[in-house]
1. With a ≥ b ≥ c taken as the square roots of the eigenvalues of the C-alpha gyration tensor of segment 140-188, please select rounded if a/c is under 1.5 and otherwise prolate if a/b is larger than b/c or oblate if it is not?
2. What size of dipole, in debye to the nearest 20, comes out for segment 136-221 about its Cα centre when the only charges are +1 on Lys and Arg C-beta atoms and -1 on Asp and Glu C-beta atoms?
3. Once amide H atoms are placed 1.01 Å from N in the peptide plane, what residues at a sequence separation of 5 or more from Asp208, or on another chain, have their amide H within under 5 Å of its amide H?
4. Please sort 316-322, 256-262 by packing, taking for each peptide the average over its residues of neighbouring beta carbons within 10 angstrom, highest first.
5. Ignoring ligands, DNA and RNA, what percent of the accessible area of segment 192-313 is carbon or sulfur (1.4 Å)?
6. Accessible area per residue, 1.4 Å probe, Å², for segment 228-372: what's the number?
7. Taking R0 as 56 Å, what FRET efficiency do you get between Arg190 and Asp327 from their Cβ-Cβ distance, rounded to the nearest 0.05?
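The values are calculated or read from the model by the stated rules, or taken from the named source; none is laboratory data. Bear in mind the structure is a predicted one, so any value in this text is a computation, not a measurement. All Cβ positions, glycine included, derive from the backbone under ideal geometry; neighbour counts span all protein chains shown. For the accessible areas, the whole protein counts, side chains as well, though only heavy atoms, and no ligand, DNA or RNA atoms are used. Shrake-Rupley method; radii C 1.70, N 1.55, O 1.52, S 1.80 Å.
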Amino acid sequence: MTPTHGTGGLAGDALGSADGAGLEGEHEGGPTVGHGGGPAGGHESRHERGPAGGHRRERAGGAAGGPAVGTAGDPAGGPGLAYDAEEHAGHPAEQEAELHAGFLAEAARWLHGLFGPADRATAAVRRILDVGSGPGVASRALADAFPEAHVLAVDRSAALLDRAEARAAEHGLADRITTQRAERPEEFARSGPVDLIWTGNVCRHLGDQQAALRSLASALRPGGLLAVAERGLPPRFLPRDIGIGRPGLQARLDAAVEEQVTARRSRLPGATSVVEDWPCLLASAGLVPAGTRTFLIEFPAPLDVPVRRHLHTRLHGLLSDVGERLDLVDRLTVEQLLDGDACTGVLWRPDAFYLTAVTVHTARLCSPLVSA
């Protein structure tokens with residue numbers, strides 16, 4: 001089934017959160033950032049091309065205690081779901097990234113247009129940074145949209161970086177997409193200067209979102225563009241009345257997720273409360289806002305199997321993550337939706353759908369004025 005993609009909206013149009021339950025991703029290519037420290041040590045970890053076409057990895061981590069560049073699909077401050085590279089199709093980051101591939105391709109083309117005519121954009125963009133890259137779906141979209149550019153995928157999950165490398169190789173992009181493991185926002189600038197930075201749902205998982213944007217901005221060359229995918233509309237996938245439990249389950253799940261996100265943000269290292277006006281935050285980071293666009297992602301009912309599997313994974317994560325915030329009736333209803341053998345379960349019911357929106361905010365680092 002082919003999803004439909006709409007656009008529209010101005011800054012501030014996106015409401016709600018797709019975050020929570022360890023299921024936000026690349027979304028948006030992603031996802032993203034969690035808190036907590038990595039292994040002891042302070043240097044960055046790189047994947048470099050080896051002599052046999054493979055990659056050579058230097059084992060490293062960030063300093064303990066600092067916020068970390070996370071994985072698409074990693075919960076805000078939680079341990080994340082176990083990930084086996086041999087079973088990557090079951091990881092929520094991989095599932096969601098595949099569902100959002102069309103949006104990511106459309107967003108990459110839009111970013112290409114912000115650099116001007118095709119020939120000028122091709123000449124201007126040679127280095128791209130994909131922060132919180134997860135399994136590399138956004139990296140591939142950016143590489144396709146900017147055929148002369150090299151893309152560096154940055155994430156804290158070695159397993160998902162392996163997936164990003166495999167995806168690049170599958171599509172003949174192994175020489176143009178490389179990876180780097182990073183743990184802390186201040187490591188972003190070490191990759192600069194770059195022409196374009198894409199980051200999907202990263203800042204929300206960092207205690208000081210403004211400081212994270214400054215770190216990202218410091219990696220740009222003059223004239224470079226920062227694209228921040230943050231917030232949007234939370235995924236909707238159930239009618240108001242699903243015939244079991246009390247009507248309005250979806251809205252109560254969304255409310256529980258928001259409460260959980262707020263609680264987790266308060267426990268992040270260096271947690272700082274800011275008004276999440278992203279154009280304003282980007283301007284405060286020393287950039288000039290260059291436009292905001294909202295992308296609609298829709299898979300109407302009846303759903304194909306891959307979308308149903310993702311919803312099943314998402315519901316399982318929600319029950320684990322926010323189940324204690326639900327009453328007994330709602331918890332039992334979610335358990336029924338997870339029943340793989342029941343016709344009322346999400347794997348079988350004909351009324352299940354998938355609808356979400358992702359808002360992308362952009363800003364540019366202006367070139368210094370040339371004296372006469």
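1. Values: a/c = 2.89, a/b = 1.47, b/c = 1.97.
Oblate is the answer for segment 140-188, as a/c is 1.5 or above yet b/c matches or exceeds a/b.
2. Around 200 debye, computed over segment 136-221.
3. Those lying under 5 Å, H to H, from Asp208 are Thr272.
4. Output ranking for 316-322, 256-262: 316-322, 256-262.
5. 57
6. Values: 6880 Å² over 145 residues.
Accessible area per residue, segment 228-372: 47 Å².
7. 0.70
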